[in-house]
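A.B. asks: The structure that follows is given in the form of structure tokens.
The values are calculated or read from the model by the stated rules, or taken from the named source; none is laboratory data. Because the structure is predicted, anything quoted here is derived from the model rather than measured. Every residue, glycine among them, receives a Cβ derived from its backbone with ideal geometry; neighbour counts consider all protein chains shown.
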Amino acid sequence: MLKEKLMKEVFTDFIKENILADERIIIVDADLSKCIGSNPLEKEFPDRAINVGISEQNMASVAAGLASYGFIPFITSFGPFATRRICDQIMISICYAQQNVKIVGTDPGISAELNGGTHMALEDIGVLRSIPHIVIYEPTDNVEFAAMLPQIRDHNGPVYIRMFRKCPPVVYKEGDTDFNLFKAKVYREGKDVTLVATGLMVSTAIEAAKQLEEDGISAEIIVCPTIKPIDSETIIASARKTRAVVTCENHNVMGALRSAVAEVLCEQCPTVLQSVGVKEQFGEVGKMPYLRKVFHMEAADIVVAAKKAIGLK
Amino acid sequence: MDYKELESFAKEIRVNIVSSICSIGAGHIGGSLSIVEALTLLYKKHMKIDPANPKMEGRDRFVCSKGHAGPAVYAVLAEMGYFEKSELLTLNQGGTRLPSHCDMNKTPGIDMTAGSLGQGMSCAVGIALGAKLKKDGARCYCIIGDGESQEGQIWEAALFAAHKKLDNLIVFTDYNKYQLDGAIEEINNLEPLAEKWKAFGWNVYEVDGNCLEELDKAIIAAKANMGKPSMIVMHTIKGKGIEFVESAKGGCHSMSVSCEQRDCAVNEIRGGLC
């Protein structure tokens with residue numbers, strides 16, 4: 001059952017299947033293969049699961065060289081080292097050179113938990129989002145992720161996957177396959193406020209919607225796993241209906257989901273907007289319940305933001 | 001092919017470089033002129049390529065990691081017939097296929113984009129690794145700058161290429177002793193450079209990089225070498241072959257070239273008086 005798996009297992013199972021089935025697939029690690037789960041692949045497929053050691057810049061550009069040779073490399077590291085540390089290599093070797101490299105950054109935002117502030121990617125999407133043509137995807141749960149991975153493989157161009165490693169909250173039913181990498185999904189229909197959520201904040205938004213319902217407020221939930229390119233059509237359709245939007249993300253509110261949604265709304269459908277996410281703070285060490293509290297990322301915070309948005313209509 | 005013929009080819013490359021840079025008024029002339037002999041030997045003698053089929057499967061690849069030497073590579077590609085020589089005069093013009101720094105998506109014959117220093121070398125390592133995985137017998141050649149060797153990524157790539165025993169990778173350092181801001185030894189010295197590469201597990205040659213015969217011998221030896229990547233440290237002269245550029249020393253990294261200077265340089269290269 002997918003719901004019992006760690007998300008990293010969904011990823012490594014996919015890589016293993018594809019190494020066996022598709023000679024173009026290569027995974028490149030930078031000394032975190034034991035954390036990401038690709039370590040056994042290095043033993044089983046030494047030519048196709050490569051470890052460059054602790055040298056992320058080299059990893060990104062080596063992958064670009066491999067891609068220029070017709071391979072499809074998936075490069076992996078913890079989120080901050082797979083993005084902000086190698087931003088220029090992603091920009092020049094991969095994106096500017098139009099190389100088909102997939103970038104996997106794990107432990108998004110506060111899910112880095114006990115690794116603390118240095119390992120907490122709260123700005124990775126913001127760092128990458130202004131690079132032309134890169135696709136930025138944050139899986140919602142294992143069912144969706146398993147369905148999206150083949151689409152990511154088949155998309156001819158760079159994709160950043162912001163991957164949780166542990167067992168994620170279940171959002172979709174086992175067997176659901178109706179997912180499109182470039183479409184957001186209306187998960188729950190509502191009429192008073194729209195909650196646009198990504199990643200780990202989707203299940204928090206679902207919980208918030210239930211609490212809002214108890215208060216007589218009907219919340220629509222849009223699951224928006226692909227932050228770039230953002231599905232403006234689905235967001236605008238919902239904003240036209242509810243006239244109030246709240247973004248919910250496990251990232252600094254600057255540069256990622258809130259910014260992308262605000263850009264869409266301001267340009268095409270001016271709508272009241274509130275946001276839940278990290279606000280002008282660095283990450284810090286702690287377990288998830290503590291971190292959700294200090295960064296105001298609990299369901300109760302979404303409820304407050306939703307009521308404020310409705311009040312501003 | 002004898003060295004006389006290669007020498008004539010190298011002269012034409014220098015004429016092409018000065019002409020194309022003059023067409024836009026200024027450019028990276030010093031570090032373009034210093035690698036002419038290396039490019040001549042690679043494209044005229046050593047690389048398995050087909051100018052009529054720039055994407056030929058199994059071809060040898062070349063990465064100009066010091067991407068600002070684009071004008072030198074374009075000069076060679078045009079001379080080899082990848083595109084018309086007249087196109088050299090579009091260098092850096094809006095809409096050109098010949099941008100200042102090498103771009104694989106713009107120019108026929110360019111195998112890898114470069115410009116942000118240090119990255120091209122890692123890309124070359126990836127290409128050499130790809131060739132090994134595909135077992136197509138292709139080699140990857142790469143030129144890095146001496147100033148570029150101050151980038152940490154060069155040494156990440158060096159470590160990994162040796163670890164992977166990429167003997168199909170031959171890298172050249174254009175050791176012309178100057179970087180943009182001045183003399184290498186005054187800014188951030190590389191010495192002992194050859195020893196550093198040896199310590200990183202590379203097969204190392206140290207030659208006069210502007211001497212065709214000496215450089216050719218090193219390339220032949222590097223190709224025959226098994227089990228290690230090869231580094232050819234080329235002692236070169238920045239601006240080699242054109243007096244007004246050479247004499248500018250560190251000042252020739254990027255400099256203006258007037259029509260008068262170009263005419264004089266073309267005469268000088270072809271053996272006439274300025």
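A.B. asks: Identify the residue in the stretch B:83-123 that is part of a helix (DSSP H, G or I) and within 7 Å of chain A (Cβ to nearest Cβ) and, among all such residues, is nearest to A:ASN58 (Cα to Cα).
C.D. replies: Here the answer is B:SER122.
A.B. asks: Check the stretch B:124-134 and report whether any residue there is more than 8 Å from chain A (Cβ to nearest Cβ), touching a helix residue (DSSP H, G or I) at 6+ places or on another chain (Cβ under 7 Å) and of a type outside the set (Asp, Glu).
C.D. replies: no
A.B. asks: Take the residues in the stretch A:103-127 that are among the acidic types (Asp, Glu) and part of a helix (DSSP H, G or I), then tell me which one is farthest from the chain's Cα centre (by Cα).
C.D. replies: A:GLU113
A.B. asks: So, one more: Quick one: would you say B:ALA114 is closer than 21 Å to A:ILE50 by Cα, modelled with pLDDT of 95 or more and under 15 Å from the mean Cα position of the chain (by Cα)?
C.D. replies: Answer is no for this residue.
A.B. asks: Does the stretch B:230-274 hold any residues that are surrounded by fewer than 18 Cβ atoms within 10 Å (Cβ to Cβ), more than 18 Å from B:GLY31 (Cβ to Cβ) and among the hydroxyl-bearing types (Ser, Thr, Tyr), and which are they?
C.D. replies: The one that is surrounded by fewer than 18 Cβ atoms within 10 Å (Cβ to Cβ), more than 18 Å from B:GLY31 (Cβ to Cβ) and among the hydroxyl-bearing types (Ser, Thr, Tyr): B:SER258.
A.B. asks: Looking at the stretch B:114-128, which of its residues are closer than 19 Å to B:ALA138 by Cβ and of a type outside the set (Gly, Ala, Ser)?
C.D. replies: Once the filter is applied, which keeps residues that are closer than 19 Å to B:ALA138 by Cβ and of a type outside the set (Gly, Ala, Ser), the stretch B:114-128 yields B:MET121, B:CYS123, B:VAL125, B:ILE127.
A.B. asks: Sticking with this one: Only one of (1) surrounded by 23 or more Cβ atoms within 10 Å (Cβ to Cβ); (2) assigned to a loop (DSSP other than H, G, I, E, B) fails for A:GLU284. Which number is that?
C.D. replies: Only one criterion is unmet by A:GLU284, namely (1).
A.B. asks: Taking only the stretch A:79-112 into account, find how many residues are among the charged types (D, E, K, R) and either touching a Phe, Trp or Tyr at 6+ places or on another chain (Cβ under 9 Å) or at pLDDT below 95 (or both).
C.D. replies: The number of residues fulfilling the criteria is 2.
A.B. asks: Does any residue in the stretch A:224-241 that is acidic (Asp, Glu) come within less than 8 Å, Cβ to Cβ, of a residue that is crowded, with 18+ Cβ neighbours inside 10 Å six or more places away or on a different chain, and which pairs are these?
C.D. replies: A:ASP231/A:ALA184; A:ASP231/A:CYS224
A.B. asks: How about the stretch B:214-246: which of its residues are in contact with a Phe, Trp or Tyr (Cβ under 7 Å, 6 or more places away or on another chain) and either of a type in the set (Val, Ile, Thr) or assigned to a loop (DSSP other than H, G, I, E, B) (or both)?
C.D. replies: B:LYS228, B:PRO229, B:ILE232, B:VAL233, B:THR236, B:LYS238
A.B. asks: Further question: State the number of residues belonging to the stretch A:5-55 that are under 20 Å from A:PRO80 (Cα atoms), crowded, with 16+ Cβ neighbours inside 10 Å and out of contact with any strand residue (DSSP E or B) (no Cβ under 9 Å at 6 or more places or on another chain).
C.D. replies: 2
A.B. asks: Another question about this same structure. What tally of residues in the stretch B:50-67 results from selecting those that are in contact (Cβ under 8 Å) with a residue 60 or more places away in the chain and either at negative phi or of a type in the set (Ser, Thr, Tyr) (or both)?
C.D. replies: 9
A.B. asks: Suppose we filter the stretch A:251-279 for residues that are more than 20 Å from the chain's Cα centre (by Cα) and farther than 26 Å from A:LYS241 by Cβ; how many remain?
C.D. replies: Residues meeting the conditions: 0.
A.B. asks: Restricting to helices (runs of 4 or more DSSP H) lying wholly in the stretch A:1-94: which have 3 or more residues that are more than 9 Å from chain B (Cβ to nearest Cβ) and not small (Gly, Ala, Ser)?
C.D. replies: Of the helices (runs of 4 or more DSSP H) lying wholly inside the stretch A:1-94, those with at least 3 residues that are more than 9 Å from chain B (Cβ to nearest Cβ) and not small (Gly, Ala, Ser) span A:7-21, A:33-36, A:39-44.
A.B. asks: So in the stretch B:139-158, with the set limited to residues that are among the charged types (D, E, K, R) and outside any loop (DSSP other than H, G, I, E, B), which one is nearest to the other protein chains (Cβ to nearest Cβ)?
C.D. replies: Residue satisfying both the conditions and the ranking: B:GLU156.
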